[in-house]
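Just so it is clear, none of the values below were taken in a lab; they were calculated from the coordinates. Just so it is clear, the structure is predicted and the values come from calculations on it, not from any experiment. Note that we place each Cβ from the backbone using ideal geometry, even for glycine, and neighbour counts take in every protein chain shown.
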Amino acid sequence: MFDWISTALQPLEYVVATIMVAWHTVFSAIGLPPASGWTWALSIVGLVIVIRILLIPLFVKQIRASRAMQLIQPQMKKIQEKYKGKTDTASRQAMQQETMALYRESGTNPFSSCMPILLQSPIFFALFRVLNGIPQGKTVGPLNAELVAQADQATIFGAPLSATFVHAPNTATRIVTVILIILMSLTTFTTQRQLMTKNMPASALDNPFARQQKVLLYVLPLFFAISGVNFPIGVLIYWLTTNLWSMGQQFYVIRRMPAPGSEAEKALKERQARKRANLGTEPAAATAGEPAAPVAPVGGQRQQPKRQKRNQRGATRAPATSASKRPGNSSGPGKNR
């Protein structure tokens, strides 16, 4: 079985090594020391950037899927209560059919939220194998023997990139590993908490699915902290970088496309209202008994007074005209001389 997994990961190992070497070449060309641990660490960061850019469409889909799953939980709860206590086959099939119908109507797929993680897992393990092979002098594609020896000697703060906490060659390795594991766990916790507290309405947070998410909010960082002692420092750098990317990308998506009824949507509407007020597109509301303030003309030009209509001017002279036509008041030529 492990031979089959190793064979399946070989193409990904080649891709990972190629991207790392390409970034290493770029950083070396701009003046960074080729044998420096920071140059190789930045090459791993570059690997994350390439992978995460390719996964942007799936990440947006993951955010929407997670949001949709939370929003349909009240309806899911109604379906569960409808068939509560019914264990016969017909009831179970009916419940499953109604659940799948709800997924279709809402355009929700419960597996969509896991897709980016599942797609990154093979890349993660491929990087793990590449870094683990460095101390043994294993070459992969463009990662030739010279570069492997260079990477094997590369350190950050005295800790080799291929070293783990369990097999640490010195105290500096243990310190760097612990710091990276703590940061990795904190970023995982912050990313999950940001999704639950900012982008979910209150009605969607009181259901079994939300409670399960709250449990995972604390369990996942703990699991990563425990398992992280077996990962090379280079893999921990990859993990921390991808967490930071996820956190920033998720913040942008939530800010731009918040879930209906969530705190993020309320904040978005407030920002839009302030923006409209600053642009002057909304006239100020009139107080009681006072007319609304007139809107200033565009361009700052003074409004010209309207010319009085001819029939109105004639109406003002009508009494005098009628008086001149009464008998005895004629002022024709030669009458009053």
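Below, the figures for the structure above:
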{"quantity": "Likely footprinting exposure, H24, H167, fewest C-beta neighbours within 10 Å first", "calculated": "H167, H24"}
{"quantity": "Two-site FRET efficiency, A22 against R274, from Cβ-Cβ distance with R₀ of 30 Å, rounded to 0.05", "calculated": "0.10"}
{"quantity": "For segment 24-40, 3J(HN,Hα) per residue [Karplus equation, 6.51 cos²θ - 1.76 cosθ + 1.60, θ = phi - 60°, Hz, x = Gly/Pro]", "calculated": "4, 5, 5, 5, 5, 5, 8, x, 6, x, x, 8, 6, x, 5, 5, 6"}
{"quantity": "Hz values of 3J(HN,Hα) by residue in segment 75-88 - Karplus curve (6.51, -1.76, 1.60), Gly and Pro given as x", "calculated": "5, 5, 5, 5, 5, 5, 5, 4, 10, 5, x, 9, 10, 6"}
{"quantity": "Relative packing of peptides 27-34, 38-45, 184-191, 131-138 - highest average C-beta neighbours within 10 Å first", "calculated": "38-45, 184-191, 131-138, 27-34"}
{"quantity": "Amide H partners (placed H, <5 Å) of A35, local residues excluded", "calculated": "none"}
